[in-house]
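Scroll down for the structure; my scribbles are underneath it.
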Amino acid sequence: MHADAFDRYHPAESPVHHLDPRVKVVTVVLFILGNALLPDASWLAFGLAWLLLLAANDQSRLGLWFTWRRSFLALPFALTAVSAIFLPAGQPVFSFSALGLQLSVTDLGLLRFFSIVLRSWLSVQMAVLLVAVTPFPDILHALEHLRVPRLLTTIIAFLYRYLFVLTDEVFRLLRAREARSAGTQGHKSGGTLLWRAQVAGNMAGQMFVRSYERSDRIYNAMVARGYAGQMRTLHPHKMRVSDWRWQTLVLAALLLIQITGWIR
Amino acid sequence: MPIEHQPLHDYALPHCEGDILQARDLRFSYPDGHLALKGVSINVCAGDKVALVGPNGAGKSTFMLHLNGILTGQGELKIAGMPVSEKNLPQIRAAVGLVFQNPDDQLFSPTVFEDVAFGPLHMGLPEAEVRSRVEEALQAVDMAAFTERLSHHLSVGEKKRIAIATVLSMRPQLLVLDEPSAGLDPRARRTLINLLRRLPITMLVSTHDLAMVAELFPRTVIMDDGQIVADSLTSEILTDTRLLEAHGLERPV
Amino acid sequence: MHFSPISMHIPDGLLNLLVSLLFWALTAAAVAVAISKTNRSLGERQIPLMGVMAAFIFAAQMLNFPVAGGTSGHFLGGALAAIVLGPWAAMLVMTAVIGVQALLFQDGGLLVMGANIFNMGILTAIIGFGVYRVVSASANRGLRLAAAAIGAWLATVGAALLTALQLWLSGTSPFQLVVPAMLSVHVLIGLGEAVITVAALAFIERTRPDLLNAEKSAQQGSLAWAWAGGLLSLALVLFSPLASSSPDGLERVAENFNFLSRGLSSPYKILPDYTLPVLGETPLSTILAGAIGVIIVFALMLLIGRSLSMKDK
């Protein structure tokens, strides 16, 4: 039914899609790093960063507001930083007491909070774009090129391969439980909380044993094809001149954003 | 090949108002837009044993998932007189025992006892009642000796029978089975057929096994492309070669 | 997008650069050691095994059970993974899971991934396995299950506390808001984690006990784990009151963290009275509260462990 539910890749014909995956990964990491380096309240720099993001959206031929639309799911989690408004530095704007504590909203606190939200929101959009313009296997190749240990990337590759299979199994177990979650007149249904937690634990145990046995079968299949402990893969990616050009362009833009942020 | 909604032949079926199951013009689309049910109407009465046949993708499983409220479509659907809605889902699930095709999907407890007891336990029944229902359900599927066995270690045929027991313990009014004989060797299949023959419960069974249909089910419903295209006596349907072939089925030898 | 509401996944932007890089360094070191250790113990089976186990943990985090009024409990799995796979393999598995959650689903940031992996994958493995290791050789099933439960609970609470500390050190949240908030919520969530971990472990012991024994060789000679897990838990339990009893020292630490990263001239002050409203204002009362809590949980889990093992008799 949803064979590609975990597929975040949006294919399109665009210069960004054709970029070497290493360039894309490095760009995203440096973008997020850059955001973290920018001081609070460097609004101009944040604005420039957002322009860069919009440009990236546009060059990906996915629509200017592609990442904007998809960023709202992640936004609430950045809002948990709301307690930053109580930063003790700066001038109090508004005081009250709650939960037995004396709390003061300060001006620097508000600046801190809005800056955090902006940084987070910009970063998550860039991350969304990364997986939208790069097939996941290519991201893994890029990570390998960038010296992430091969064992780790291979584990992740297997994880990705079997993710749908196992989550589908869990989903069907949950559905079977739902089908037997009946109630009848005169009795309180649902069992005790402890019992429900135990049932969930039993399901986890089931899944574990099945997964372990599945990995046995997979191992046998690999051995049958000559596996002896090392995964060998081809490295299809070579950096072209255009890739270097884009990377330089992006680096220059990121540098400009930093300078804008630090000049007061 | 045109899909016809009216039964091709007007055979005399016992008059049934749908006291167990009543569906009127049931429609359903999946979130990705695929229109799976295009207006399904059917009545099932107490004591009926109905086979649901048709090609893959006809919507049989989708329809069955509506019967215990896992999916919700448009149109009318009543189980034992109750309209299927959010608030009477617990009662609906006590009334409809749905058994899925893959028994591994349904056995999620360590022992057979706990799996069969899940339904009654969830219903909040007292312990003595739970125990007697488990015993009764396992007897009905002829697996009373398996109470303390680990579900994990059973064969496919045994798991299928336990899966049936897990819903029997809720004493449903309608038993709905999805491909019960799929994947069974001849001996396990024979055991299953005998079991289904003995169970005195109203049944709706989706299957490709037309030989089993001929043996067990007096009434057959053919579904194709999201609609019911025939609903009649098995004896008449299984001899209508043209009808069978029009819907991807073959006459059993 | 968030498959599990046990969300300790910190998004980008909430931790400052210093904290992020520090925990990346710690995580990288732990992962490097884990890689060499698993190479030796699991050999060529390790790739399919850990890969599928990672998929299992990811999928298992979708398992839920209704708690009350529409909320449901979930499962993080770090402790269970450490107990059944051994601590090093578990660290790699959780790294993969958290990595994919961040990359593919933006569940947790990329720069802060080091911290997320450390909290939910490395710390939970150390505490979860460490506590279990104390009694893992015992023949008393109830005792082993009880230890697993406590380990799982402490791992959850420990991870929550460390997350809170990271947020505080980054100048994102005041100490006296984020620490009690994270702790109080996760003390409860940890109970769910403990029950699920024990039930899963009990199930595995009954159906495939050989799977647990297979990892024993990876666990031999590692009583150091028990020490590590125990000491870490103790350190976490004692940390909060100690923090309040020497605010100046810690204040200076926080100051430095923030000063270096933000360029702000004013330091982040810790308000003097970090108190638990119910028990009063002394640091001793906080330690007592923590200790009492652990004892109650231990007793509860012992009872549960006993009743679970009695059911099989």
Contact order relative to length of the stretch C:82-145, as percent, for alpha carbon pairs under 8 angstrom and 6 or more apart:
36
For the stretch B:190-253, rounded, prolate or oblate, judged on the Cα gyration tensor with a ≥ b ≥ c (square roots of eigenvalues), a/c < 1.5 rounded, else prolate if a/b > b/c?
prolate
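Given only helices, namely DSSP H runs of n ≥ 4 each adding -39500 (n - 2.57), what is the per-residue ellipticity at 222 nm of chain B, to the nearest 500 deg cm²/dmol?
Numbers: 9 runs with 83 residues, N = 253.
Dividing the helical sum by the residues of chain B leaves -9500 deg cm²/dmol.
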Net charge near B:Glu250: determine it from the other residues with C-beta under 15 Å of the C-beta of B:Glu250, scoring Lys and Arg +1 and Asp and Glu -1.
-2
Quick one: longest stretch of chain A between exposed loop chymotrypsin sites (Phe, Trp or Tyr not before Pro), exposed meaning at most 14 other C-beta atoms within 10 Å and loop per DSSP?
A:73-264
Kindly provide log₁₀ I(q)/I(0) values, in the same order as q = 0.07, 0.11, 0.13, 0.15 Å⁻¹, from the Debye equation applied to equal alpha-carbon scatterers of chain B.
-0.23, -0.58, -0.82, -1.08
Inter-label distance, nm, simple model (7 Å from Cα along the C-beta direction), C:Ser36/B:Thr241
7.6
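Only helices at least 27 Å long along their own axis, judged from Cα atoms, and with Kyte-Doolittle mean hydropathy of 0.5 or greater: name those in chain A from DSSP H.
Working: long enough: A:107-133 (39 Å, 1.61); A:150-179 (43 Å, 0.67); A:193-224 (47 Å, -0.08); A:241-262 (32 Å, 0.90).
Membrane-span-like by this criterion, though nothing is claimed about a membrane: A:107-133, A:150-179, A:241-262.
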Can you give me the P(r) profile for the stretch A:60-174? Cα pairs, bins 5 angstrom wide beginning at 0, each as a whole percent.
2, 10, 11, 11, 12, 14, 12, 8, 7, 8, 3, 0
Can you compute the label reach from B:Arg198? Point 7 Å from Cα along the Cβ direction, backbone N cut-off under 17 Å, restricted to the stretch B:107-140.
B:133-140
Taking the Cβ of A:Val124 as the centre, find all other residues whose Cβ is under 14 Å away and add up their charges (Lys, Arg: +1; Asp, Glu: -1).
+2
With label points set 7 Å from each Cα along the Cα-to-Cβ direction at B:Leu35 and A:Trp65, the distance between them in nm comes to 3.1
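For the stretch A:128-223, give the magnitude of the charge dipole about the Cα centre (Cβ charges: +1 Lys/Arg, -1 Asp/Glu; no others), in debye to the nearest 20. Provide the component values of the computation, followed by the final result.
Values: 12 positive and 7 negative charges, 72 e Å.
So the dipole magnitude of the stretch A:128-223 works out to roughly 340 debye.
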If you project the alpha carbons of the stretch C:52-195 onto their three principal axes, what span does each projection cover, largest first, in Å?
48, 32, 32
Order these peptides, A:181-192, B:213-224, by their mean beta-carbon neighbour count within 10 angstrom, highest first.
B:213-224, A:181-192
Average projected area [Cα convex hull, the stretch A:1-114], square nanometres:
10.7
Residue order, fewest to most surrounding Cβ atoms within 10 angstrom, among B:Lys49, B:Lys78
B:Lys78, B:Lys49
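How crowded by other chains is B:138-149, given as the mean number of beta carbons from other chains within 10 Å of each beta carbon?
Details: counts 0, 0, 0, 0, 0, 0, 0, 0, 0, 0, 1, 0.
For peptide B:138-149, the averaged partner shielding equals 0.
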What whole-number distance in Å separates the alpha-carbon centres of the stretch B:157-199 and the stretch A:49-99?
55
For the stretch B:66-167, what mean projected area does the convex hull of the alpha carbons give, in nm²?
7.0
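Rounded to whole Å and ordered largest first, report the semi-axes of the equivalent ellipsoid of chain A derived from its Cα gyration tensor (root of 5λ).
Values: eigenvalues 310, 236, 54 Å².
Gyration-tensor ellipsoid for chain A: 39, 34, 16 Å.
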Efficiency of FRET from Cβ geometry, B:Val156 and C:Arg206, R₀ 22 Å, rounded to 0.05:
0.55
When a/c is below 1.5 the answer is rounded, else prolate if a/b is larger than b/c, else oblate, so apply that to the stretch A:137-264 with a ≥ b ≥ c taken from the square roots of the Cα gyration tensor eigenvalues.
oblate
Listing A:Ser42, A:Ser95 by rising number of other beta-carbon atoms within 10 angstrom, fewest first, gives A:Ser95, A:Ser42
Treating only the Cβ of Lys, Arg, Asp and Glu as charged (+1, +1, -1, -1), what charge dipole size does the stretch B:154-253 show about its Cα centre? Round to the nearest 20 debye.
680
What list do you get for C:Met91, B:Met212, B:Met82 if you sort them by fewest beta carbons within 10 Å?
B:Met82, B:Met212, C:Met91
Would you mind checking which residues have amide H under 5 Å from C:Phe65's amide H? H placed 1.01 Å from N; only 5 or more apart, or other chain.
C:Gly73
Estimated [θ] at 222 nm from DSSP helical runs (n ≥ 4, -39500 (n - 2.57)) normalised by residues in chain A, nearest 500
-21500 deg cm²/dmol
Ranking B:His34, B:Gln74, B:Thr62 by how far each Cα lies towards the positive end of the charge dipole of the stretch B:16-88 (+1 on Lys and Arg Cβ, -1 on Asp and Glu Cβ), the top one is B:His34
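Each reported figure results from applying straightforward, stated rules to the coordinates on display, with no laboratory input. Bear in mind that the values here come from a model prediction, so they are computed numbers and not experimental data. Every residue, glycine as well, gets a Cβ built from its backbone with ideal geometry; the counts of neighbours run over all protein chains shown.
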